[in-house]
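Here's the structure we're looking at; comments come further down.
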Amino acid sequence: MKPVEPVTPAEPAEPVKPVKSARTPRRAVAAADRTRQPTEVRRRLIVEAAVPLIAERGYASVGVRDVAAAAGVSVGTVTYHFGSVQEILSEAMVLNIERYYAALNEAAEDADGGAEALRLLIDALFTEDTDRHWRMWFDYWSAGDRDQDPERAFAGGQSKRYEDWHSQIRALVERGVADGEFVCADPTGFTVRFAALSDGLALQRLRQAPELSTEDARRHMYRLVEAELRTGAR
């Protein structure tokens with residue numbers, strides 16, 4: 001018999017490594033859920049907060065700390081988003097003015113004709129609530145003449161506001177002429193006088209020297225319209 005060969009023991013199998021469970025990917029946080037707001041949102045928040053401050057105290061009396069406190073942000077946040085207090089106040093004034101004239105324009109466009117549109121415009125120019133707008137407008141105007149506006153940024157913005165305002169008035173006059181409600185050989189000239197009279201009456205109303213009510217201010221504007229825009233035959 002052949003001798004039995006010894007059996008070589010089998011090498012132990014390598015231990016099985018545990019399989020790692022797949023890691024659940026982290027969900028991105030939506031921009032709306034982040035505590036840090038986009039730049040344009042922060043800027044708008046700061047500007048919105050500055051509007052009532054200017055209306056109540058005047059442009060020259062509002063500082064960066066006042067704006068930061070009203071907006072509920074740090075002074076550093078304000079200075080990060082704006083190069084100067086003047087930049088904040090300029091945007092705040094423009095925001096208020098554009099809203100004001102947008103509302104006037106919308107009311108005029110809904111009128112049945114040029115005559116009614118001008119009447120609605122005059123009524124909206126002089127109310128107890130519009131004193132705040134006029135106060136900001138004259139503050140905005142005077143700020144353009146100060147030394148802190150070396151690049152004439154305020155003056156340029158004011159010119160644009162007046163161009164838009166004149167265009168709106170002239171369009172209403174031309175609308176009335178086209179509909180046969182008015183007779184006006186010089187709509188541009190009338191527009192200049194209408195805007196100048198409204199500015200003058202608004203300033204007198206704010207100063208109350210001499211005393212001027214909203215009703216009297218409107219009556220002066222009505223008289224200008226009646227004197228210069230003769231009613232035409234349809």
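Return yes or no: is A185 closer than 23 Å to G113 by Cα and not in a helix (DSSP H, G or I)? Don't jump to the end; show me each part of the working.
Working: closer than 23 Å to G113 by Cα: yes; not in a helix (DSSP H, G or I): yes.
Yes, satisfied.
Take the residues in region 79-112 that are modelled with pLDDT of 90 or more and over 18 Å from the mean Cα position of the chain (by Cα); name whichever of them is surrounded by the fewest Cβ atoms within 10 Å (Cβ to Cβ).
Taking region 79-112 as the starting set, the residues that turn out to be modelled with pLDDT of 90 or more are 79-82.
If we keep only those that are over 18 Å from the mean Cα position of the chain (by Cα) too, we end up with 79-80.
Numbers: T79: 14, Y80: 12.
If we take residues in region 79-112 being modelled with pLDDT of 90 or more and over 18 Å from the mean Cα position of the chain (by Cα), then Y80 is surrounded by the fewest Cβ atoms within 10 Å (Cβ to Cβ).
Determine the pairs where a residue that is open to solvent by 100 Å² or more (accessible area, probe 1.4 Å) and of a type in the set (K, R), located within region 207-234, has a partner that is outside any helix (DSSP H, G or I) and at pLDDT 90 or above with Cβ atoms under 6 Å apart, the partner being 6 or more residues away or on another chain.
Correct list of pairs: R230/V183; R234/G180.
Taking T127 as the residue in question, decide whether it is surrounded by fewer than 18 Cβ atoms within 10 Å (Cβ to Cβ) and free of Cβ contacts under 8 Å to residues at least 40 places away in the same chain. Don't jump to the end; show me each part of the working.
Working: surrounded by fewer than 18 Cβ atoms within 10 Å (Cβ to Cβ): yes; free of Cβ contacts under 8 Å to residues at least 40 places away in the same chain: no.
The answer is no for T127.
State all residues of region 79-97 that are in a helix (DSSP H, G or I) and not aliphatic (A, V, I, L, M); if no residue qualifies, say none. Break it down stepwise before answering.
Let us first name the residues in region 79-97 that are in a helix (DSSP H, G or I), namely 79-81, 85-97.
Passing the criteria: T79, Y80, H81, Q86, E87, S90, E91, N96.
In region 189-223, how many residues are of a type outside the set (D, E) and outside any helix (DSSP H, G or I)? Break it down stepwise before answering.
Kept after step one, since they are of a type outside the set (D, E), are these residues of region 189-223: 189-198, 200-210, 212-214, 217-223.
Next, only the ones that are outside any helix (DSSP H, G or I) stay: 208-210, 212-213.
Number satisfying all stated conditions: 5.
Looking at (1) more than 18 Å from M136 (Cβ to Cβ); (2) over 17 Å from the mean Cα position of the chain (by Cα); (3) at pLDDT below 90, can you tell me which one V41 breaks?
(2)
Quick one: in region 49-78, of everything that is open to solvent by 60 Å² or more (accessible area, probe 1.4 Å) and assigned to a helix (DSSP H, G or I), which residue is nearest to I97 (Cα to Cα)?
E56
The values are calculated or read from the model by the stated rules, or taken from the named source; none is laboratory data. Since we're looking at a predicted model, the values are computed, not measured. When we count neighbours, we look across all protein chains shown, and the Cβ atoms used for this are built from the backbone with ideal geometry, even at glycine. We work out accessible area using only protein heavy atoms, side chains counted, and drop any ligands, DNA or RNA first. Shrake-Rupley method; radii C 1.70, N 1.55, O 1.52, S 1.80 Å.
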